[in-house]
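A.B. asks: Pasting a structure here, questions to come.
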Amino acid sequence: MTPKLAIVTGANRGIGLQIVKDLARKGMRVVLTARDTSKAKAAVAAIQGDVLIHQLDVADAASIAALKRFVERELGRCDVLVKGAAIYIDEGRSILTVDTDTLRKTVETNTFGPLFMCQAFVPLMIRNGYGRVVNVSSESGQLQHMGDSTPSYNLSKTALNAITVMVAGATRGKNVLVNSMCPGWVHSDMGGPMAPRSLEEGADTAIWLATLPDDGPSGGFFRDRKPMDW
Ligand code: NAP
């Protein structure tokens, strides 16, 4: 049987890199994408499995188009798409004063990046009759607990969850399952050294969603493999 082909964004470090390791260990062929492929080469050297590297800046339309051309011409399929790339650049800021550049940069990376990746690869999934899309979101995007902190990050993740629901709607009945997940507070560059969760724990729900059976959920938001409120 042909191994499943997975693409992971923001995968040269942190939770994204852990997801690459876990999917490769499950026997998938994985395209590890990174803004700077030299950082990715060092990361891949330590991974066992079938892992390719391709450049991808999710905030750059030309970079997404180049990855799409490569996948369509060289690989012909995309079965699994996990989008972990994100920035967190407005800690300590307020919604009343956050500047336009910070808002724009965050939404371009954390929201439009995953949306444009869906536009690039979900049609291929639909054509092939199989797809699993995982949007790595955050409880920071949950409306019910939202206060005045990290405004652009919160906004970007709430909007990402809306994209999950809409893309799930657009793929209903086509065996393309689209979900958001929160990894919890994870020990990474973004989460910092005080975070209680390991990278493996942070990646677990993403791996579960990336390998759902055909009757699995779509259009949901999960942490620890359980549904979360929006
Ligand atoms: P991280 O260690 O900061 O890694 C972020 C990754 O995203 C890096 O590989 C970074 O690449 C990449 N990236 C940033 N901008 C990019 C762009 N424009 N194009 C492509 N890649 C880009 O973060 P993490 O903790 O692993 O977080 C992974 C995901 O989990 C994120 O979506 C984050 O919002 C979410 N999350 C994390 C936590 C937590 O506690 N850590 C909690 C909730 C949600 P460079 O090396 O080039 O910068």
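The values are calculated or read from the model by the stated rules, or taken from the named source; none is laboratory data. All values derive from a computational prediction rather than experimental measurement. Here the Cβ positions follow ideal geometry from the backbone for every residue, glycine too, while neighbour counts run over all protein chains shown. Accessible surface areas use protein heavy atoms only, side chains included; no ligands, DNA or RNA. Shrake-Rupley method; radii C 1.70, N 1.55, O 1.52, S 1.80 Å.
A.B. asks: Looking at the stretch 45-54, which of its residues are within 12 Å of L17 (Cβ to Cβ) and touching a residue at least 24 places away in the same chain (Cβ under 8 Å)?
C.D. replies: Matches in the stretch 45-54: I47, V51.
A.B. asks: Taking interchain pairs and intrachain pairs at least six residues apart, which have beta carbon atoms under 6 angstrom, with the first residue in the stretch 21-36 and at positive phi and the second assigned to a loop (DSSP other than H, G, I, E, B)?
C.D. replies: Qualifying pairs under 6 Å: G27/P3.
A.B. asks: Next question. Yes or no: the stretch 47-58 includes at least one residue that is under 17 Å from the mean Cα position of the chain (by Cα), open to solvent by 50 Å² or more (accessible area, probe 1.4 Å) and more than 7 Å from the ligand (Cβ to nearest atom).
C.D. replies: The answer is yes, given that some residue of the stretch 47-58 is under 17 Å from the mean Cα position of the chain (by Cα), open to solvent by 50 Å² or more (accessible area, probe 1.4 Å) and more than 7 Å from the ligand (Cβ to nearest atom).
A.B. asks: Separate question: Looking only at the stretch 200-230, filter to residues that are in a helix (DSSP H, G or I) and open to solvent by less than 50 Å² (accessible area, probe 1.4 Å); which one of those is nearest to the ligand (Cβ to nearest atom)?
C.D. replies: Checked the stretch 200-230; the qualifying residue nearest to the ligand (Cβ to nearest atom) is G202.
A.B. asks: Can you tell me which residue is farthest from the ligand (Cβ to nearest atom) among those in the stretch 131-167 that are more than 19 Å from T109 (Cβ to Cβ) and part of a loop (DSSP other than H, G, I, E, B)?
C.D. replies: Within the stretch 131-167, the match that is farthest from the ligand (Cβ to nearest atom) is D148.
A.B. asks: If you don't mind, another one. I need every pair where a residue in the stretch 129-143 that is at pLDDT 95 or above has its Cβ under 8 Å from the Cβ of a residue that is within 8 Å of the ligand (Cβ to nearest atom) and assigned to a helix (DSSP H, G or I), sequence separation at least 6 or different chains.
C.D. replies: Going by the 8 Å Cβ cut-off, the qualifying pairs are V136/I15; V136/G16; S137/K157; S138/Y153; S138/K157; S140/Y153; S140/K157; G141/K157.
A.B. asks: Tell me, which residue of the stretch 168-194 that is more than 19 Å from A85 (Cβ to Cβ) and of a type in the set (A, V, I, L, M) is nearest to the ligand (Cβ to nearest atom)?
C.D. replies: M194
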